Amino acid sequence: MAFATIALTLGALVAVYFVRRAHTPIGVSSGTTNHQLAPDFALPTPDGRDLQLSSYRGKVVLLDFWATWCDPCREEIPHFVDLQQKYGERGLQIIGVSMDDSAEPVRPFYLRFHMNYPVVMGTAKTGELYGGILGLPISFLIGRDGRIYTKHIGATDASVFEREIKHLIETP
Amino acid sequence: MIQVGSHVLYAQAHIPGSEYIGPASSEAGLQQLRKRVESLPRTKLIVLYCGCCPWDRCPNVKPADDALHALGFTNVKVLYIANNFGTNWVDKGYPVAKGE
């Protein structure tokens, strides 16, 4: 009887643990807890076409602020290429916002790094829209509802992004 | 005081009174820096900063510091920004100016 009581108690505790874990918000430590709508923008690509962020509503968007001269950014980008390849058909869209002062270095960089997602040329105004991009890299994960769920300042391990992407892909 | 990083970052926020020269990671930026300081007395106090990336990954401050020493400047200081300008300056409430 005592054994059954202990077993039931342990079982209940384990169940509570897993239920709480399933509902633990991701990215709280680096996240925006108020889930504001991602500010919309229309920015040019290096070849002059316009890209509107809101046209990607319904997809999970990883918005990456980067620059060609930024070493930590250069380390992240191959992982982003892999993630886009792996999750693109399931609704992930990565968008790079270059904070280079001109498009000139971006075009050859794009080819050299085999980037498979669109890149746009950011401005100071774009940075201000996103609370100030005052260091690189900074990235935001935006859900299908257009709201920001996490923000990462500085280079972040690819496994963290993958975990968050998978969660958001599965969230309607 | 001279910011030797990105103009897009400078325009969003910079230390009041600091000048923008151009990213010292590029030869064009270094040339601008040399041009700016060429007429200054070599004992002039010059403070450089960037804040684009973590200190040990910054591609700008070391080339700028090296360039000034190569020109004979003896009183060059580099502002230590551990992570980035936003985290280590703006978020701490230090004075900030915006724009060109």
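The values are calculated or read from the model by the stated rules, or taken from the named source; none is laboratory data. This structure is a prediction, so every number in the text was calculated from the model and none was measured. When we count neighbours, we look across all protein chains shown, and the Cβ atoms used for this are built from the backbone with ideal geometry, even at glycine.
From the list B:G99, B:G93, the lone residue that is modelled with pLDDT under 95, part of a loop (DSSP other than H, G, I, E, B) and surrounded by fewer than 16 Cβ atoms within 10 Å (Cβ to Cβ) is B:G99. For the range A:81-112, a residue qualifies if it is touching a Leu at 6+ places or on another chain (Cβ under 7 Å) and part of a helix (DSSP H, G or I), and the qualifying residues are A:L83, A:Q84.
So that you can scan it fast, the table gives a plain yes or no per residue for (1) closer than 14 Å to A:W69 by Cβ; (2) polar (S, T, N, Q):
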| position | (1), (2) |
| --- | --- |
| B:P23 | yes, no |
| B:S26 | yes, yes |
| B:Q31 | no, yes |
| B:V37 | no, no |
| B:L40 | no, no |
| B:I46 | no, no |
| B:C50 | yes, no |
| B:C53 | yes, no |
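Scanning the range A:102-145 for residues that are in contact with a helix residue (DSSP H, G or I) (Cβ under 9 Å, 6 or more places away or on another chain), away from every other protein chain (no Cβ under 13 Å) and either modelled with pLDDT under 95 or under 28 Å from A:P172 (Cα atoms) (or both) yields a total of 9. So, A:V160, is that one crowded, with 17+ Cβ neighbours inside 10 Å and either of a type in the set (A, V, I, L, M) or modelled with pLDDT under 95 (or both) or not? Taking the combined requirement at face value, the residue does not satisfy it. Residues in the range B:50-100 that are more than 15 Å from the chain's Cα centre (by Cα) and of a type in the set (K, R): B:K92, B:K98.
Residue pairs whose Cβ atoms lie under 8 Å apart, sitting 6 or more positions apart in sequence or on different chains, and linking a residue in the range A:61-75 that is within 9 Å of chain B (Cβ to nearest Cβ) to a partner that is part of a loop (DSSP other than H, G, I, E, B) and basic (K, R), do not occur here. Scanning the range B:63-78 for residues that are of a type in the set (A, V, I, L, M) and either touching a residue at least 40 places away in the same chain (Cβ under 8 Å) or loosely packed, with under 11 Cβ neighbours inside 10 Å (or both) gives B:A64, B:A67, B:A70.
Tell me yes or no: at least one residue of the range B:23-44 is aliphatic (A, V, I, L, M) and touching a Ser or Thr at 6+ places or on another chain (Cβ under 7 Å). No: zero hits.
Taken over the range B:27-56, the criterion of being crowded, with 16+ Cβ neighbours inside 10 Å and not aromatic (F, W, Y) is satisfied by B:G29, B:L30, B:Q32, B:L33, B:V37, B:I46, B:L48, B:C50, B:G51, B:C52, B:C53, B:P54.
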